[in-house]
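J.: Structure in structure tokens, see below.
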């Protein structure tokens, strides 16, 4: 069973040649320093490419340096939260650039060993994972994926997922990357959004899980993929990856011209 694209032609171009050129332009414009050795994972936004595509390109530029063959993509469910996390049990995810093959052997093992479930209705309609795929196809066309959608996002679920992933993937980290799909604050004035999002960026740079959880619970910060961000931070702690760099930050106002209600976008990298 294949998973058909649901936001091709709206969040990103439905024409393959237009899409390929757009991503290549974004990647070319993403200039990053060469100090991210042995990348564990990245945080990448998931809005329409016109808003967040350039920001996302920074994360994928960092991933491009690593010789990986598997990407574990962790993305939030925007419509359903009646599950903890759901693994996408498809053969391929289709985009205008072709099919992205799911590592079915790994998916089956995760389901058997850790009782991970599949929520087809949540996976079928969710855009947050899909928008990462054309970028992945452009930088590593042969990479397979393990697609995970987060339902109920809380620190406990993030910790549990990080434990599972750390245990399962610790022997193949040299060939695996983790892609966390998340936008940041939603619909605040630009100044307030930047203030909130800067706190997230600082907590990330410090790999301060306690502060991130505390700021989230107090309402000082917001991110629709906070569960995935916390998963990556816990994973980094468990696997002893101590380097973090925020590669790019911007908000939707820079494109729309509306600075009264913006969405924040961050591109970050965790490495050895």
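J.: Please verify whether residue 187 is more than 24 Å from residue 26 (Cβ to Cβ), at pLDDT below 95, surrounded by fewer than 17 Cβ atoms within 10 Å (Cβ to Cβ) and over 19 Å from the mean Cα position of the chain (by Cα), treating the condition exactly as stated.
T.: Values: more than 24 Å from residue 26 (Cβ to Cβ): yes; at pLDDT below 95: yes; surrounded by fewer than 17 Cβ atoms within 10 Å (Cβ to Cβ): yes; over 19 Å from the mean Cα position of the chain (by Cα): yes.
For residue 187, the condition - more than 24 Å from residue 26 (Cβ to Cβ), at pLDDT below 95, surrounded by fewer than 17 Cβ atoms within 10 Å (Cβ to Cβ) and over 19 Å from the mean Cα position of the chain (by Cα) - is met.
J.: Now for a separate question. For region 98-143, give me the residue count where each residue is surrounded by fewer than 17 Cβ atoms within 10 Å (Cβ to Cβ), at negative phi and in a strand (DSSP E or B).
T.: So the count comes out to 3.
J.: Okay, next question. Just give me the residues in region 63-80 being assigned to a helix (DSSP H, G or I) and surrounded by fewer than 22 Cβ atoms within 10 Å (Cβ to Cβ), in sequence order. Give the steps one after another, and end with the answer.
T.: So in region 63-80, the residues assigned to a helix (DSSP H, G or I) come out as 63-64.
Result: 64, single match.
J.: Let me ask something else. Scan region 245-272 and report the pairs whose first residue is without any contact (Cβ under 8 Å) to a residue 60 or more places away in the chain and whose second residue is assigned to a helix (DSSP H, G or I), with Cβ atoms within less than 6 Å and a gap of 6+ or a chain change.
T.: So the pair list comes out as 246/201.
J.: Determine whether residue 83 is in a helix (DSSP H, G or I) and either crowded, with 22+ Cβ neighbours inside 10 Å or touching a strand residue (DSSP E or B) at 6+ places or on another chain (Cβ under 9 Å) (or both). Walk me through it before giving the result.
T.: Working: in a helix (DSSP H, G or I): no; either crowded, with 22+ Cβ neighbours inside 10 Å or touching a strand residue (DSSP E or B) at 6+ places or on another chain (Cβ under 9 Å) (or both): yes.
Spelling it out, it is not the case that residue 83 is in a helix (DSSP H, G or I) and either crowded, with 22+ Cβ neighbours inside 10 Å or touching a strand residue (DSSP E or B) at 6+ places or on another chain (Cβ under 9 Å) (or both).
J.: Working only within region 13-36, note down all residues that are surrounded by fewer than 18 Cβ atoms within 10 Å (Cβ to Cβ), farther than 25 Å from residue 126 by Cβ and in contact with a strand residue (DSSP E or B) (Cβ under 6 Å, 6 or more places away or on another chain). Show your work before the answer.
T.: Taking region 13-36 first, the residues surrounded by fewer than 18 Cβ atoms within 10 Å (Cβ to Cβ) are 14-18, 20-21, 24-25, 28-29, 31, 33-35.
In the following step, the residues that additionally are farther than 25 Å from residue 126 by Cβ were identified as 17, 21, 24-25, 28-29, 31, 33-35.
Those that are surrounded by fewer than 18 Cβ atoms within 10 Å (Cβ to Cβ), farther than 25 Å from residue 126 by Cβ and in contact with a strand residue (DSSP E or B) (Cβ under 6 Å, 6 or more places away or on another chain): none in region 13-36.
J.: Specify the residue that is surrounded by the most Cβ atoms within 10 Å (Cβ to Cβ); the eligible residues are those in region 144-155 that are within 13 Å of residue 85 (Cα to Cα) and out of contact with any helix residue (DSSP H, G or I) (no Cβ under 6 Å at 6 or more places or on another chain).
T.: Among them, the one singled out is 148.
J.: For residue 221, indicate whether it is surrounded by 16 or more Cβ atoms within 10 Å (Cβ to Cβ), closer than 25 Å to residue 126 by Cα and in contact with a strand residue (DSSP E or B) (Cβ under 9 Å, 6 or more places away or on another chain). Don't jump to the end; show me each part of the working.
T.: Values: surrounded by 16 or more Cβ atoms within 10 Å (Cβ to Cβ): yes; closer than 25 Å to residue 126 by Cα: yes; in contact with a strand residue (DSSP E or B) (Cβ under 9 Å, 6 or more places away or on another chain): no.
So residue 221 does not fit the description; no.
J.: In region 86-122, which residue that is out of contact with any helix residue (DSSP H, G or I) (no Cβ under 8 Å at 6 or more places or on another chain) and over 19 Å from residue 70 (Cα atoms) is modelled with the lowest pLDDT?
T.: That would be 121.
J.: Check residue 192 against each of (1) at pLDDT below 95; (2) surrounded by fewer than 14 Cβ atoms within 10 Å (Cβ to Cβ) and name the one condition it does not meet.
T.: Just one mismatch for residue 192, condition (1).
The values are calculated or read from the model by the stated rules, or taken from the named source; none is laboratory data. Since the model is a prediction, treat every value here as computed from it, not as a measurement. Backbone-built Cβ (ideal geometry, glycine too); neighbour counts: all protein chains shown.
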